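Let me begin by presenting the structure, written as structure tokens, before commenting on it.
The values are calculated or read from the model by the stated rules, or taken from the named source; none is laboratory data. Remember, predicted model here, so these are calculated numbers, not experimental data. Every residue, glycine as well, gets a Cβ built from its backbone with ideal geometry; the counts of neighbours run over all protein chains shown. Accessible surface areas use protein heavy atoms only, side chains included; no ligands, DNA or RNA. Shrake-Rupley method; radii C 1.70, N 1.55, O 1.52, S 1.80 Å.
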Amino acid sequence: MTTPAPRGWNTWDVRFHTGWTHLPGGLRIRFALRDADGTRFDGFTWRHGLVRLGHHTVDGRFASVEVTAFDTNLSLTAGGGADDLVVRAAATGRAAPVLLIDEATGFAGRRVDVSPDGVVAHGTDRWMLECEPAPVSRDGGAWVLAPDTTVHLRPVGAPPVDVRARLDPAAVRPGLRTGGWLGDSGDAMTRALTWNTVYAPDLGRVLTPTSRDFVCAEREGFYGRWALHTWDTFFTGLVAAWVDPAYAEGIFAQILDQADARGMLPNRVSDDKGRTDDRSQPPVGAYTVLKAYLGSGLSPRTRHTALLRRAYPTLRAWHAWWSAARVGPHDLLAWGSDPVPGDVDSATVDRARRESGLDDSPMYDDVALDPATHTMNLADVGLNALHVVDAEALSTIAAALGDAAAAQSYVESAAAAAARVDATLWDVDRYRNRWADGAFSGHSSPTLLYPLLAGVPSPDRARAVADALLAPEALGGDPPLPSTARDDPGFSTRYWRGRVWAPMAFLAVEGVRRYGLDTHTRPIVDALLRLFLDEWTAHSHV
């Protein structure tokens, strides 16, 4: 399966964890809780009342979730076929579960009517609604249910289904299962991914953004109802590869499809704020795609080669774009922002910071933009190292697809770029960003470990970097790998000035591991795993 097709019943209405929508038509049922005074609440989010995300299949065929309001827990378990849906709603506490039926936002705006005998009319479609036991009462357009009610919705004329079988989690394919040292991290990772799959009515397409809350204004987010960010989507695709390689291919395609004529992948594309045609995001595409491919089987014969074929042309063009558009000080790459007609904020320092993916990092507090190159006056260690990593990964991909000439070309360009990084950005015991005037920047972050991921330093230099940067007063300690070093004057607990972020931590750990520095990585990985599991266990989010 690739990204799920927009049909059948699913949980993909971005606004609700407690709603099921039928695609392509848009008929929606959702569940709320009503207090004794008639007050109703159905705006459950991670900040407001979401207790636990349960099992969720990639295609949305089965899902379970637990929410709370008015000192009452509501547990929902749903299973569907092609067109029928069964939901068990069980409430424990003083409030009553409530069923609402309407049309989801972004569809044709067709009226929904429910007759006394339970026939739901939505446009020309007719559905049979059955509740066991029968609803306690009707409150306007809502049905007040008994504390434990099973709701069955099917097309009029379709035969009833085995309700118990629909709700049996043993009947559906399990997610990624882990145990021992990993605990239930595999299950947590799968649920966090599949519950963030949403439907974009304006595109007629299913998407998997990084977070429902982040992309949806009605969930206190920053966009209308959906947004995709480039490096976020590549990392999401890598996570999806452990669940289903074809699912990962579909997620990668969501952002690969956004490349412009120059080969640039935009920082962001969304429903209400459009595309960022002035800037991109960190070049992690080839590396994540390659890792997803390598993890999809034990040999080239069993691996998901379609993923490489789908991604390769776009990744090649994006790699070339960086070399053409972002050459800055010292003939190295620098973050930037191009002028775009009609966009008064393009070609500004703020936009160039955003291209880094580290929007408010202290590393970029004092930068200026060169009006000739539209790049920062700062050669960036992280960007240059990631571009080397990108070339190495493209070489491996090209070889796997039989493009020997391109594979050799990428090997040579990676080696040349790595040598420039090593010669220009090394300072005593670590790599540092370097200003156009030749001075080294004093700021430190995990991006200074990325040259290890690119294989840039000698083993001795690699160990020196790890020793210096992973000291407790810098990037070590607990939690490890804050996005700004603790001994950096710009460190705080805000955003990219000190919070721990998975993409950055992942790339840094991968780099240190490349040099076999296990004594450095073991305590870091242990601490990061605990951080992940503690937050998941306490709050059911990442």
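Screening the candidates Ala485, Ala464, Ala454, Ala436 for the property of being in contact with a His (Cβ under 9 Å, 6 or more places away or on another chain), modelled with pLDDT of 95 or more and open to solvent by 30 Å² or more (accessible area, probe 1.4 Å) yields one hit, Ala436. Looking at Tyr293, Tyr223, just one residue is at negative phi, among the aromatic types (Phe, Trp, Tyr) and free of Cβ contacts under 8 Å to residues at least 60 places away in the same chain, and that residue is Tyr223.
Against the list (1) in a loop (DSSP other than H, G, I, E, B); (2) more than 18 Å from Arg354 (Cα to Cα), the condition Ala286 fails is (1). Looking across region 64-105, the residues that are among the charged types (D, E, K, R), outside any loop (DSSP other than H, G, I, E, B) and more than 11 Å from Thr149 (Cα to Cα) come down to Glu66, Asp102, Glu103. Within region 188-199, residues that are touching a residue at least 60 places away in the same chain (Cβ under 8 Å) reach partners that are in a helix (DSSP H, G or I) and among the charged types (D, E, K, R) with beta carbons closer than 9 Å, at six or more positions or on different chains, in the pairs Trp195/Arg212; Val198/Arg212. Of all residues in region 312-323, at least one satisfies being over 28 Å from Trp426 (Cβ atoms) and crowded, with 24+ Cβ neighbours inside 10 Å.
If the condition is being part of a helix (DSSP H, G or I) and either small (Gly, Ala, Ser) or open to solvent by 30 Å² or more (accessible area, probe 1.4 Å) (or both), then region 289-300 contributes Lys291, Ala292, Leu294. Here Gln258 meets the list (1) open to solvent by less than 10 Å² (accessible area, probe 1.4 Å); (2) more than 24 Å from Leu453 (Cβ to Cβ); (3) of a type in the set (S, T, N, Q) almost entirely, failing just condition (1). The single residue among Val428, Val411 that is on the phi > 0 side of the Ramachandran plot, open to solvent by 20 Å² or more (accessible area, probe 1.4 Å) and more than 29 Å from the chain's Cα centre (by Cα) turns out to be Val428. State whether the residues of region 139-159 include one that is surrounded by 14 or more Cβ atoms within 10 Å (Cβ to Cβ), assigned to a strand (DSSP E or B) and touching a helix residue (DSSP H, G or I) at 6+ places or on another chain (Cβ under 7 Å). Yes, there is a match, as at least one residue in region 139-159 is surrounded by 14 or more Cβ atoms within 10 Å (Cβ to Cβ), assigned to a strand (DSSP E or B) and touching a helix residue (DSSP H, G or I) at 6+ places or on another chain (Cβ under 7 Å). As a summary of the residue check, Trp127 satisfies the conditions (1) farther than 30 Å from Gly224 by Cβ; (2) crowded, with 17+ Cβ neighbours inside 10 Å except for the one numbered (1). Looking at region 236-275, which of its residues are polar (S, T, N, Q) and under 28 Å from Ala414 (Cα atoms)? Passing the criteria: Thr236, Gln254, Gln258, Asn267.
For (1) free of Cβ contacts under 8 Å to residues at least 60 places away in the same chain; (2) open to solvent by less than 30 Å² (accessible area, probe 1.4 Å); (3) polar (S, T, N, Q); (4) under 22 Å from Arg219 (Cα atoms), each residue gets a yes or a no:
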| site | (1), (2), (3), (4) |
| --- | --- |
| Trp12 | no, yes, no, yes |
| Pro24 | no, no, no, no |
| Arg28 | no, yes, no, yes |
| Gly49 | yes, yes, no, yes |
| Ala78 | no, yes, no, no |
| Ala108 | no, no, no, no |
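Asp59 - would you say it is open to solvent by 20 Å² or more (accessible area, probe 1.4 Å) and either part of a strand (DSSP E or B) or touching a residue at least 60 places away in the same chain (Cβ under 8 Å) (or both)? No.
Being in a helix (DSSP H, G or I), polar (S, T, N, Q) and touching a residue at least 40 places away in the same chain (Cβ under 8 Å) holds for only one residue in Thr373, Thr396, and it is Thr396. Put simply, of Asp350, Asp338, Asp331 the only residue that is open to solvent by less than 40 Å² (accessible area, probe 1.4 Å), of a type in the set (Asp, Glu) and at pLDDT 95 or above is Asp338. Just to be sure, is Thr373 over 21 Å from Leu453 (Cα atoms), β-branched (Val, Ile, Thr) and surrounded by fewer than 18 Cβ atoms within 10 Å (Cβ to Cβ)? Spelling it out, Thr373 is indeed over 21 Å from Leu453 (Cα atoms), β-branched (Val, Ile, Thr) and surrounded by fewer than 18 Cβ atoms within 10 Å (Cβ to Cβ).
The residue that is most open to solvent (accessible area, probe 1.4 Å), counting only those in region 490-542 that are assigned to a loop (DSSP other than H, G, I, E, B) and at pLDDT below 95, is Arg494. Taken over region 162-186, the criterion of being under 30 Å from Leu528 (Cβ atoms), loosely packed, with under 13 Cβ neighbours inside 10 Å and modelled with pLDDT of 85 or more is satisfied by Arg177, Gly179, Gly180, Trp181.
For region 404-436, residues that are outside any helix (DSSP H, G or I) and touching a residue at least 24 places away in the same chain (Cβ under 8 Å) total 10.
Scoring Ala121 on the criteria (1) in a strand (DSSP E or B); (2) touching a residue at least 60 places away in the same chain (Cβ under 8 Å) leaves a single failure, condition (2). The set of residues from region 353-366 being surrounded by 22 or more Cβ atoms within 10 Å (Cβ to Cβ) and over 24 Å from the mean Cα position of the chain (by Cα) comprises Pro362, Met363, Tyr364.
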